[in-house]
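Novice: Quick one: structure below, then a few questions.
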Amino acid sequence: MPIGGRLDHDETAVQIRKNKHEQKTTSLYTEIGKLTTNMKKAIVLLSGGLDSATTLAIARSDGFEPYALTFRYGQRHEAEIDAARRVAAAIGVAQHIIVDIDLRQFGGSALTANIALPRDRPIDDIGHGIPVTYVPARNTIFLSFALAWAEVLVSSDIYIGVNALDYSGYPDCRPEYIEAYQRMANLATKVGVEGQTQVAIHTPLLHLSKADIIRHGLEIGIDYGMTVTCYDSSPAGDACGQCDACLLRRQGFAQNGIADPARYRATPL
């Protein structure tokens, strides 16, 4: 079956699956418990995409009081910021900050400069080499903001939805990068130097495929219709269906045997 094609399911079975998903969504938003002052605080990097939404839900299910951090960095797919707001409101956070930094001043990426996006690439080609959608030092910049906020909040926990399988070509999604950053974080902060706490960077999706991430997210009740994954989404959040992010997402849902709830436009912008 082609990626993103119609899924051959019995409508009754699909409805049963949908009902179960709705029940689990209710469970996620009610049974994890209300945020309380007794919960440990964690910073969660929240882009508004599928991976970061799953990461936020995992942080909640791990018992943390999440503080969501989103960046408007000049990305071409700014609709993800509205998605981040939806996700934060639905899953529940203690605070959600949207930080403005303009990485378009540097460019160097198809997400922040006038560089063509890869489209309709074979799935097997994605992840080989460093793609033009890599934004120079982006995760280092994001984690540095998260680290600063964590120190102010007296938090030792940061969650980030990096993935070393689907995005193996991204240098700042590798396990060795995360390990090195964590070591640096504990050398670079007052709380680390004084021995008050040791910063831990949580990467719950690091070794999961997109299909595994979606499966886990559905099990804990995430509504992926809230998210925007596409690198070239319309202002309303409609996905192109052709970029690497869309292809990986569509394949992940197809491998789980369910339809992707994202909206896909008929023709490219």
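Where a number appears in this text, it was derived from the coordinates with a stated rule and is not lab data. Values in this document were obtained by computation on a predicted structure and should not be read as measured data. Glycine gets a Cβ as well: all are built from the backbone with ideal geometry, and neighbour counts include every protein chain shown.
Novice: What length, rounded to one decimal in nm, is gained on full extension from residue 179 through to residue 130, with 0.36 nm per residue of separation minus their alpha-carbon distance?
Specialist: Length gained between residue 179 and residue 130: 15.6 nm.
Novice: Further question on the same structure: Take the Cα radius of gyration of the stretch 89-133 and divide it by 2.2 N^0.38 Å, with N its residue count; two decimals is plenty.
Specialist: Working it through for the stretch 89-133, the quotient is 1.70.
Novice: Ordered by packing density, taken as the mean number of other Cβ atoms within 10 Å over each peptide's residues, highest first, how do 179-185, 100-106 rank?
Specialist: 179-185, 100-106
Novice: Still on this structure, please answer the following. For the stretch 11-255, calculate the relative contact order in percent as a whole number, restricting contacts to Cα pairs under 8 Å that are 6 or more residues apart.
Specialist: 25
Novice: Once Rh for the stretch 11-255 is found with the Kirkwood sum over Cα pairs, what is the Stokes-Einstein diffusion coefficient at 4 °C and 1.567 mPa s, in µm²/s?
Specialist: 70
Novice: With only alpha-carbon atoms counted, please give the Rg and Dmax of the stretch 120-185, in Å.
Specialist: Answer for the stretch 120-185, Rg first and Dmax second: 13.9, 45 Å.
Novice: What does the charge dipole of the stretch 33-132 about its Cα centre add up to, to the nearest 20 debye, if the Cβ of each Lys and Arg holds +1 and the Cβ of each Asp and Glu holds -1?
Specialist: Rounded to the nearest 20 debye, it is 320 debye.
Novice: Could you calculate the FRET efficiency of residue 190 with residue 259 from 1/(1 + (r/R0)^6), where r is the beta carbon distance between them and R0 is 41 Å, rounded to 0.05?
Specialist: With R0 = 41 Å, the Cβ-Cβ based efficiency is 0.25.
Novice: Let me ask something else about it. Within 15 Å, Cβ to Cβ, of residue 204, how many net charges do the neighbouring residues add up to if Lys/Arg are +1 and Asp/Glu are -1?
Specialist: Here the charged neighbours net out to -3.
Novice: Separate question: How far is it, in nm, from the label point at residue 206 to the one at residue 78 when both lie 7 Å from their Cα along the line to the Cβ?
Specialist: Result: 3.5 nm between the two label points.
Novice: Say each of residue 99 and residue 116 gets a label point 7 Å from the Cα, pointing the same way as Cα to Cβ; how far apart are those two points in nm?
Specialist: So the label points at residue 99 and residue 116 sit 3.5 nm apart.
Novice: Where the Cα atoms of the stretch 95-233 are projected onto their three principal axes, how long is each span, largest first, in whole Å?
Specialist: 51, 41, 29
Novice: Right, another one. In Å, what Kirkwood hydrodynamic radius results for the stretch 185-252 from the alpha-carbon pair distances?
Specialist: 14.9
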